[in-house]
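Participant: I'd like to ask some things about the structure below.
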Ligand code: GLP
């Protein structure tokens, strides 16, 4: 059963998670952080910045959950750019040690396998930050994803493309495909930290934490993991 912590707002949650990340990195300077994109984890990255003074982050490693397929890496909404802008640069991390899956059309045939091998070679993910989509997706594992799935290419649902259209000029600019760590990949991380804020996430959170474990709600996979922390505000917790 996941530990559920209800916090007053997202910035409190950000502080709690940032404290835990600092603890992990202090105990193991080459710790591996699982990074999420979207708006949800931003308070974590913001809270980390003032806390990292005096912490050696030069050996810290990170793996993003997912990437769009076919979006140039230099596009401001590629997750490679987002992670560089929101995590790597402000926190002073070594860009060579922070990876996103390769969403280029040239690399796609081996990208999943290569990413899995890189995570394994790094010793696995110590702490995986997760947001959740309104349809219950984690990473970009849309409903129907296998719990055993590894990093692979997926088709985005209309719902997710609509949700993410706010980052693009038009919905037609949102890529149709993505490459995402699988639910099986995510479940291998040693500690899962799922964050959700706002009433729009209430249904997904309730399903993930208390609903049946089902591929129809990929976030429910967290119930199969022995060490999960869920941080939610009152609104996101309202369906629990
Ligand atoms: C995106 C990401 C997910 C994220 C989710 C929620 O599509 N691929 O990793 O958790 O959707 O996004 P947000 O945090 O902006 O609500």
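Since every read-out is calculated from the coordinates, none of them should be taken as a lab result. All figures in this text were calculated on a predicted structure; none of them were measured in a lab. Because the Cβ atoms are built from the backbone with ideal geometry, glycine has one as well, and the counts that use them run over all protein chains shown.
Participant: Given the options 54, 112, 207, which has the most mean-square fluctuation in a GNM of the chain, springs set between C-alpha atoms less than 10 angstrom apart?
Facilitator: Of 54, 112, 207, the most mobile in the Gaussian network model is 54.
Participant: Find how much the distance from residue 46 to residue 146 grows on full extension, using 0.36 nm per residue of separation minus their present alpha carbon separation; answer in nm with one decimal.
Facilitator: 32.7 nm
Participant: Could you give me D for the range 101-240, from Stokes-Einstein at 20 °C and 1.002 mPa s, where the hydrodynamic radius is the Kirkwood radius over C-alpha pairs? Units µm² s⁻¹, please.
Facilitator: 138 µm²/s
Participant: Right, something else. For the modelled label position 7 Å from the Cα of residue 224 along Cα-to-Cβ, which residues of the range 1-43 have backbone nitrogen atoms closer than 19 Å?
Facilitator: It comes to 1-3, nothing else.
Participant: Picking from 75, 225, 137, which is most flexible by a Gaussian network model of the chain using Cα springs under 10 Å?
Facilitator: Between 75, 225, 137, it is 75 that shows the largest mean-square fluctuation.
Participant: For the chain, what does the helix formula give at 222 nm: sum of -39500 (n - 2.57) over DSSP H segments with n ≥ 4, over the residue count, nearest 500 deg cm²/dmol?
Facilitator: -8000 deg cm²/dmol
Participant: What are the semi-axes of the equivalent ellipsoid of the chain, taken as the square roots of 5 times the eigenvalues of the Cα gyration tensor, listed largest first and rounded to whole Å?
Facilitator: In descending order the semi-axes read 23, 23, 18 Å.
Participant: In addition: Anyone know which of 11, 146, 74 comes out most mobile in the 10 Å Cα GNM of the chain?
Facilitator: Among 11, 146, 74, the largest GNM mean-square fluctuation belongs to 74.
Participant: Using only Cα atoms, locate the centre of the range 70-96 and the centre of the range 49-64, then give the distance between them in Å, rounded to an integer.
Facilitator: When both Cα centres are located, 15 Å separates them.
Participant: Ok, one more. Any chance you could run the full-extension gain for residue 4 through residue 167? It's 0.36 nm times the residue separation minus the Cα-Cα distance, nm to one decimal.
Facilitator: Net length gain for the segment: 55.7 nm.
Participant: Further question on the same structure: Quick one: if you stick a label point 7 Å off each Cα along the C-beta vector at residue 23 and residue 94, how many nm between them?
Facilitator: Label at residue 23, label at residue 94, 2.6 nm between them.
Participant: Still on this structure: Relative to the compact globular guide of 2.2 N^0.38 Å, what is the alpha carbon radius of gyration of the range 73-161, as a ratio?
Facilitator: In units of the 2.2 N^0.38 Å rule of thumb, it is 1.16.
Participant: Can you list the equivalent-ellipsoid semi-axes of the range 1-129, largest first and in whole Å, using the square root of 5 times each Cα gyration tensor eigenvalue?
Facilitator: Equivalent ellipsoid semi-axes, largest first: 25, 17, 15 Å.
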